[in-house]
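The values are calculated or read from the model by the stated rules, or taken from the named source; none is laboratory data. What you see is a predicted model, and the numbers here were worked out from it, not measured in a lab. Glycine gets a Cβ as well: all are built from the backbone with ideal geometry, and neighbour counts include every protein chain shown. Heavy atoms of the whole protein, side chains included, go into the accessibility calculation; ligands, DNA and RNA do not. Shrake-Rupley method; radii C 1.70, N 1.55, O 1.52, S 1.80 Å.
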Amino acid sequence: MTDRSTERAVDAFSFLGDDLRLSILRVLAEHEERAGPRTDPMAYSDLRRAVGERDSGKFGYHLGKLVGRFVEKTPGGYRLLEPGRETVRLLERGIVDGDADLEAEPVDARCPRCGGDVHVIYADHHLFTCCSACEGLFGADECPSGTLTGIVLPPTAVEQLDPTPLFRRAHRVFERRLRPMVDGICLECGGVVDGRLRQCLDHDRDGICPDCHAAYPVLAEVVCETCGRGRVTHPLFGNPGADGIDARPERRGEPAEPTAAGEAAWRRFGEFITWSASPREDGTVVFEPPEGGSGVVVAPDLRVVE
Ligand SMILES: [Zn+2]
Ligand SMILES: [Zn+2]
Ligand SMILES: [Zn+2]
(Lines give C-alpha, C1' and ligand atoms only; values in the text may rest on other atoms or scores of the structure.)
(Ligands and ions follow the chains in the order given, each with its own letter.)
Protein backbone atom coordinates (compact mmCIF):
# COMPACT_ATOMS: atom_id res chain seq x y z
CA MET A 1 0.00 0.00 0.00
CA THR A 2 1.44 3.34 -0.92
CA ASP A 3 1.43 6.20 1.59
CA ARG A 4 -1.07 7.99 -0.54
CA SER A 5 -3.65 5.21 -0.47
CA THR A 6 -3.06 4.71 3.28
CA GLU A 7 -3.87 8.37 3.81
CA ARG A 8 -6.96 7.99 1.69
CA ALA A 9 -8.15 4.98 3.73
CA VAL A 10 -7.55 6.72 7.07
CA ASP A 11 -9.29 9.80 5.72
CA ALA A 12 -12.27 7.74 4.57
CA PHE A 13 -12.71 6.11 7.97
CA SER A 14 -12.56 9.34 9.93
CA PHE A 15 -15.03 10.75 7.43
CA LEU A 16 -17.32 7.82 8.19
CA GLY A 17 -16.75 7.97 11.94
CA ASP A 18 -20.33 8.90 12.54
CA ASP A 19 -23.09 6.44 13.41
CA LEU A 20 -25.65 8.15 11.21
CA ARG A 21 -23.44 7.92 8.11
CA LEU A 22 -22.69 4.26 8.80
CA SER A 23 -26.38 3.42 9.32
CA ILE A 24 -27.25 5.08 6.02
CA LEU A 25 -24.70 2.84 4.29
CA ARG A 26 -25.98 -0.25 6.11
CA VAL A 27 -29.62 0.45 5.25
CA LEU A 28 -28.75 0.96 1.59
CA ALA A 29 -26.79 -2.30 1.61
CA GLU A 30 -29.70 -4.24 3.11
CA HIS A 31 -31.99 -2.81 0.47
CA GLU A 32 -29.83 -4.01 -2.43
CA GLU A 33 -29.72 -7.24 -4.38
CA ARG A 34 -27.17 -9.52 -2.72
CA ALA A 35 -25.13 -9.94 -5.89
CA GLY A 36 -25.12 -8.98 -9.54
CA PRO A 37 -26.25 -5.75 -11.18
CA ARG A 38 -28.37 -3.49 -8.96
CA THR A 39 -31.33 -1.54 -10.23
CA ASP A 40 -33.49 -0.46 -7.36
CA PRO A 41 -32.48 2.84 -5.74
CA MET A 42 -34.08 3.88 -2.42
CA ALA A 43 -36.30 6.93 -2.21
CA TYR A 44 -35.22 9.68 0.19
CA SER A 45 -38.26 9.28 2.44
CA ASP A 46 -37.92 5.47 2.61
CA LEU A 47 -34.24 5.79 3.42
CA ARG A 48 -34.83 8.29 6.20
CA ARG A 49 -37.60 6.16 7.70
CA ALA A 50 -35.45 3.00 7.61
CA VAL A 51 -32.53 4.80 9.25
CA GLY A 52 -34.89 6.18 11.89
CA GLU A 53 -33.53 9.73 12.02
CA ARG A 54 -36.18 12.23 13.11
CA ASP A 55 -34.11 15.34 12.51
CA SER A 56 -34.49 15.89 8.76
CA GLY A 57 -31.88 18.66 8.60
CA LYS A 58 -29.28 16.46 10.23
CA PHE A 59 -30.23 13.47 8.05
CA GLY A 60 -30.04 15.53 4.84
CA TYR A 61 -26.69 16.98 5.86
CA HIS A 62 -25.02 13.62 6.49
CA LEU A 63 -26.59 11.95 3.43
CA GLY A 64 -25.31 14.86 1.35
CA LYS A 65 -21.79 14.26 2.66
CA LEU A 66 -21.92 10.64 1.48
CA VAL A 67 -23.17 11.46 -2.01
CA GLY A 68 -20.51 11.31 -4.68
CA ARG A 69 -18.04 9.24 -2.74
CA PHE A 70 -19.98 6.40 -1.11
CA VAL A 71 -23.54 6.92 -2.35
CA GLU A 72 -24.95 7.78 -5.77
CA LYS A 73 -27.96 10.05 -6.16
CA THR A 74 -30.14 8.98 -9.07
CA PRO A 75 -33.51 10.30 -10.31
CA GLY A 76 -35.19 7.35 -8.50
CA GLY A 77 -33.35 7.77 -5.20
CA TYR A 78 -30.10 6.66 -3.59
CA ARG A 79 -27.88 3.64 -4.04
CA LEU A 80 -24.46 2.57 -2.87
CA LEU A 81 -21.30 3.14 -4.84
CA GLU A 82 -18.65 0.42 -4.60
CA PRO A 83 -16.62 2.18 -1.84
CA GLY A 84 -19.85 2.30 0.20
CA ARG A 85 -20.36 -1.44 -0.31
CA GLU A 86 -16.75 -2.16 0.61
CA THR A 87 -17.17 -0.16 3.82
CA VAL A 88 -20.24 -2.20 4.78
CA ARG A 89 -18.35 -5.44 4.04
CA LEU A 90 -15.52 -4.32 6.33
CA LEU A 91 -18.03 -3.55 9.07
CA GLU A 92 -19.79 -6.92 8.64
CA ARG A 93 -16.48 -8.74 8.85
CA GLY A 94 -15.81 -6.91 12.10
CA ILE A 95 -12.52 -5.61 10.68
CA VAL A 96 -13.02 -2.12 11.97
CA ASP A 97 -14.64 -2.48 15.37
CA GLY A 98 -15.12 -6.21 15.96
CA ASP A 99 -13.39 -8.34 18.52
CA ALA A 100 -13.24 -12.05 19.21
CA ASP A 101 -11.44 -13.86 21.94
CA LEU A 102 -9.62 -17.17 21.78
CA GLU A 103 -6.87 -17.97 24.23
CA ALA A 104 -4.88 -21.17 23.74
CA GLU A 105 -7.73 -23.49 22.79
CA PRO A 106 -6.49 -27.04 22.05
CA VAL A 107 -7.27 -28.46 18.61
CA ASP A 108 -7.24 -31.99 17.24
CA ALA A 109 -3.83 -31.91 15.53
CA ARG A 110 -0.15 -32.69 16.15
CA CYS A 111 2.87 -30.47 15.62
CA PRO A 112 4.62 -31.51 12.39
CA ARG A 113 7.99 -30.66 13.93
CA CYS A 114 7.86 -32.48 17.28
CA GLY A 115 4.52 -34.31 17.50
CA GLY A 116 3.45 -32.12 20.45
CA ASP A 117 -0.05 -30.82 21.22
CA VAL A 118 -1.31 -27.92 19.16
CA HIS A 119 -3.51 -25.00 20.20
CA VAL A 120 -4.95 -21.90 18.54
CA ILE A 121 -4.84 -18.28 19.71
CA TYR A 122 -6.70 -15.35 18.15
CA ALA A 123 -4.90 -12.02 18.32
CA ASP A 124 -4.65 -8.94 16.10
CA HIS A 125 -7.06 -10.49 13.55
CA HIS A 126 -4.77 -13.51 13.10
CA LEU A 127 -5.54 -17.10 14.00
CA PHE A 128 -2.22 -18.44 15.30
CA THR A 129 -1.71 -22.20 15.39
CA CYS A 130 0.96 -22.98 17.96
CA CYS A 131 2.84 -25.96 19.31
CA SER A 132 2.71 -26.40 23.09
CA ALA A 133 5.99 -28.31 23.18
CA CYS A 134 8.50 -26.73 20.77
CA GLU A 135 9.49 -23.33 19.41
CA GLY A 136 7.31 -23.74 16.34
CA LEU A 137 8.26 -22.22 12.99
CA PHE A 138 8.16 -18.46 13.52
CA GLY A 139 9.76 -16.44 16.27
CA ALA A 140 8.90 -12.86 15.26
CA ASP A 141 7.82 -10.45 18.00
CA GLU A 142 4.17 -10.48 17.03
CA CYS A 143 3.93 -14.29 17.09
CA PRO A 144 2.88 -16.15 20.25
CA SER A 145 5.44 -18.76 21.34
CA GLY A 146 5.37 -21.98 19.33
CA THR A 147 3.77 -20.34 16.26
CA LEU A 148 3.41 -22.72 13.32
CA THR A 149 1.05 -20.59 11.21
CA GLY A 150 -0.66 -17.20 11.51
CA ILE A 151 -3.67 -16.71 9.25
CA VAL A 152 -5.60 -13.45 8.83
CA LEU A 153 -9.28 -13.98 9.64
CA PRO A 154 -12.03 -11.54 10.60
CA PRO A 155 -13.51 -11.79 14.12
CA THR A 156 -16.90 -12.84 12.70
CA ALA A 157 -15.35 -16.02 11.24
CA VAL A 158 -13.74 -16.83 14.59
CA GLU A 159 -17.01 -16.46 16.49
CA GLN A 160 -18.87 -18.87 14.20
CA LEU A 161 -16.90 -22.09 14.71
CA ASP A 162 -15.45 -24.28 17.46
CA PRO A 163 -11.63 -24.35 17.67
CA THR A 164 -10.93 -27.53 15.65
CA PRO A 165 -13.29 -26.80 12.71
CA LEU A 166 -12.07 -23.19 12.78
CA PHE A 167 -8.44 -24.31 12.65
CA ARG A 168 -9.15 -26.63 9.71
CA ARG A 169 -11.16 -24.05 7.83
CA ALA A 170 -8.46 -21.42 8.37
CA HIS A 171 -5.85 -23.64 6.71
CA ARG A 172 -8.16 -24.37 3.77
CA VAL A 173 -8.72 -20.63 3.40
CA PHE A 174 -4.98 -19.99 3.65
CA GLU A 175 -4.15 -22.55 0.95
CA ARG A 176 -6.79 -21.19 -1.43
CA ARG A 177 -5.73 -17.58 -0.83
CA LEU A 178 -2.17 -18.47 -1.73
CA ARG A 179 -2.95 -20.15 -5.07
CA PRO A 180 -3.81 -17.06 -7.13
CA MET A 181 -1.03 -15.10 -5.45
CA VAL A 182 1.59 -17.70 -6.40
CA ASP A 183 0.10 -17.43 -9.92
CA GLY A 184 0.77 -13.68 -9.81
CA ILE A 185 -2.75 -12.35 -9.24
CA CYS A 186 -4.14 -10.44 -6.24
CA LEU A 187 -7.83 -11.28 -5.75
CA GLU A 188 -8.26 -8.37 -3.35
CA CYS A 189 -7.44 -5.68 -5.88
CA GLY A 190 -6.66 -7.33 -9.25
CA GLY A 191 -3.04 -6.21 -9.02
CA VAL A 192 0.17 -8.00 -9.98
CA VAL A 193 1.77 -10.15 -7.28
CA ASP A 194 5.51 -10.46 -6.92
CA GLY A 195 6.38 -13.98 -5.76
CA ARG A 196 9.86 -15.06 -4.75
CA LEU A 197 11.83 -17.46 -2.61
CA ARG A 198 13.15 -15.98 0.60
CA GLN A 199 16.32 -17.84 1.49
CA CYS A 200 18.24 -17.45 4.70
CA LEU A 201 21.90 -17.48 3.67
CA ASP A 202 23.28 -18.13 7.13
CA HIS A 203 20.52 -20.29 8.52
CA ASP A 204 20.86 -21.79 11.96
CA ARG A 205 19.08 -25.14 11.66
CA ASP A 206 18.80 -25.59 15.39
CA GLY A 207 15.34 -24.23 16.20
CA ILE A 208 14.36 -20.63 15.44
CA CYS A 209 17.19 -18.96 13.50
CA PRO A 210 18.29 -15.59 14.92
CA ASP A 211 18.81 -14.24 11.38
CA CYS A 212 15.47 -14.99 9.71
CA HIS A 213 13.32 -15.64 12.83
CA ALA A 214 12.06 -18.88 11.29
CA ALA A 215 12.79 -22.55 11.79
CA TYR A 216 12.70 -23.30 8.06
CA PRO A 217 15.51 -22.07 5.76
CA VAL A 218 13.55 -21.25 2.60
CA LEU A 219 10.11 -19.65 2.50
CA ALA A 220 7.94 -18.26 -0.27
CA GLU A 221 6.96 -14.61 -0.11
CA VAL A 222 4.08 -13.23 -2.21
CA VAL A 223 3.33 -9.50 -2.14
CA CYS A 224 0.80 -7.53 -4.20
CA GLU A 225 2.49 -4.59 -5.89
CA THR A 226 -0.73 -2.57 -5.82
CA CYS A 227 -2.45 -3.05 -2.46
CA GLY A 228 0.53 -4.39 -0.51
CA ARG A 229 -1.20 -7.58 0.67
CA GLY A 230 1.60 -9.99 1.52
CA ARG A 231 1.84 -13.60 2.67
CA VAL A 232 4.61 -16.03 3.58
CA THR A 233 4.36 -19.80 3.24
CA HIS A 234 6.25 -23.00 2.62
CA PRO A 235 7.20 -22.78 -1.09
CA LEU A 236 5.19 -25.91 -1.94
CA PHE A 237 2.09 -25.18 0.14
CA GLY A 238 -0.57 -23.34 -1.87
CA ASN A 239 1.67 -23.56 -4.93
CA PRO A 240 -0.44 -24.78 -7.91
CA GLY A 241 2.74 -26.22 -9.43
CA ALA A 242 2.91 -28.66 -6.49
CA ASP A 243 -0.60 -30.04 -7.00
CA GLY A 244 0.72 -33.32 -8.41
CA ILE A 245 2.86 -34.02 -5.34
CA ASP A 246 1.54 -36.70 -3.07
CA ALA A 247 2.26 -35.32 0.39
CA ARG A 248 0.60 -37.97 2.53
CA PRO A 249 2.61 -39.78 5.21
CA GLU A 250 1.06 -43.11 4.16
CA ARG A 251 2.97 -42.71 0.89
CA ARG A 252 6.04 -43.78 2.81
CA GLY A 253 4.39 -46.72 4.47
CA GLU A 254 3.10 -45.01 7.62
CA PRO A 255 -0.40 -46.09 8.61
CA ALA A 256 -3.08 -43.99 6.95
CA GLU A 257 -5.00 -42.05 9.57
CA PRO A 258 -8.51 -41.19 8.51
CA THR A 259 -8.49 -37.63 7.20
CA ALA A 260 -11.33 -35.59 8.64
CA ALA A 261 -13.26 -33.35 6.29
CA GLY A 262 -11.29 -30.20 5.63
CA GLU A 263 -8.15 -31.53 7.26
CA ALA A 264 -6.21 -32.02 4.01
CA ALA A 265 -4.76 -28.49 3.86
CA TRP A 266 -3.21 -28.68 7.33
CA ARG A 267 -1.89 -32.21 6.64
CA ARG A 268 -0.26 -30.98 3.45
CA PHE A 269 1.32 -28.01 5.21
CA GLY A 270 2.59 -30.25 8.01
CA GLU A 271 4.09 -32.72 5.54
CA PHE A 272 5.97 -30.11 3.52
CA ILE A 273 7.45 -28.67 6.70
CA THR A 274 9.18 -32.01 7.32
CA TRP A 275 10.86 -31.89 3.87
CA SER A 276 14.45 -30.76 3.56
CA ALA A 277 15.29 -27.64 1.54
CA SER A 278 18.65 -27.47 -0.25
CA PRO A 279 19.57 -24.32 -2.18
CA ARG A 280 21.54 -24.78 -5.43
CA GLU A 281 24.05 -22.51 -7.14
CA ASP A 282 21.55 -21.31 -9.75
CA GLY A 283 19.14 -19.94 -7.13
CA THR A 284 16.69 -22.84 -7.31
CA VAL A 285 15.93 -24.94 -4.23
CA VAL A 286 15.44 -28.71 -4.03
CA PHE A 287 12.82 -29.95 -1.58
CA GLU A 288 12.97 -33.59 -0.56
CA PRO A 289 10.74 -35.75 1.64
CA PRO A 290 12.38 -37.10 4.82
CA GLU A 291 12.67 -40.62 3.42
CA GLY A 292 14.56 -39.26 0.38
CA GLY A 293 13.53 -40.09 -3.15
CA SER A 294 11.96 -37.84 -5.72
CA GLY A 295 12.77 -34.20 -4.95
CA VAL A 296 10.92 -31.13 -6.20
CA VAL A 297 12.80 -28.13 -7.61
CA VAL A 298 11.40 -24.62 -7.14
CA ALA A 299 12.70 -21.61 -9.10
CA PRO A 300 13.36 -18.22 -7.44
CA ASP A 301 10.01 -16.98 -8.84
CA LEU A 302 8.19 -19.93 -7.17
CA ARG A 303 7.60 -21.96 -10.33
CA VAL A 304 7.95 -25.70 -9.78
CA VAL A 305 10.49 -26.57 -12.48
CA GLU A 306 11.16 -30.30 -11.91
ZN1 LIG B 1 6.31 -28.75 18.12
ZN1 LIG C 1 17.71 -18.36 9.08
ZN1 LIG D 1 -3.66 -6.35 -4.28
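The table for this structure:
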item: Difference of contour (0.36 nm per residue) and Cα-Cα distance, ASP204 to CYS227; result: 5.0 nm
item: Residues with amide H under 5 Å from that of SER276, placed H, sequence gap 5 or more; result: GLU288
item: Per residue value of the accessible surface for the range 3-92 (all protein chains in place, 1.4 Å probe), Å²; result: 62 Å²
item: Residue-count net charge about PRO165 - beta-carbon cut-off 13 Å; Lys, Arg +1, Asp, Glu -1; result: -2
item: The range 102-227: C-alpha gyration tensor shape, a/c 1.5 cut-off, then a/b vs b/c; result: oblate
item: Overall form of the chain per C-alpha gyration tensor (a/c, 1.5; a/b vs b/c); result: prolate
item: Environment charge of PRO106, counting only residues whose C-beta is closer than 15 Å and scoring Lys/Arg +1, Asp/Glu -1; result: -3
item: C-alpha long axis of helix 82-92 to longest principal axis of the chain, angle in °; result: 70 degrees
item: Top of ALA170, ALA277, ALA43 by mean-square fluctuation, Gaussian network on the chain, Cα under 10 Å; result: ALA43
item: Sequence of GLU53, GLU142 when ordered by accessible area, the most exposed leading, probe 1.4 angstrom; result: GLU142, GLU53
item: HN-Hα J in Hz across the range 110-126 - Karplus 6.51, -1.76, 1.60, θ = phi - 60°, x for Gly and Pro; result: 10, 5, x, 8, 10, x, x, 5, 10, 9, 10, 9, 10, 8, 6, 6, 10
item: Accessible surface of the chain, 1.4 Å probe, proportion on carbon and sulfur as whole %; result: 48 percent
item: Options LEU153, THR226, LEU25, ranked by Cα towards positive dipole end of the chain, top entry (Cβ charges); result: LEU25
item: Rounded to whole Hz, the Karplus (6.51, -1.76, 1.60) HN-Hα couplings of the range 160-172, x for glycine and proline; result: 7, 10, 6, x, 5, x, 5, 4, 5, 4, 4, 6, 5
item: Gaussian network model of the chain, springs between alpha carbon atoms under 10 Å - residue of GLU188, GLU30, GLU281 with greatest fluctuation; result: GLU281
item: Gaussian network model of the chain, Cα within-10 Å springs - most flexible of ARG89, ARG168, ARG268; result: ARG89
item: For THR147, distant residues with modelled amide H under 5 Å away; result: CYS131, LEU137, PHE138
item: Dipole in debye (nearest 20) - the range 102-298, about Cα centre, beta carbon charges: Lys, Arg +1; Asp, Glu -1; result: 520 debye
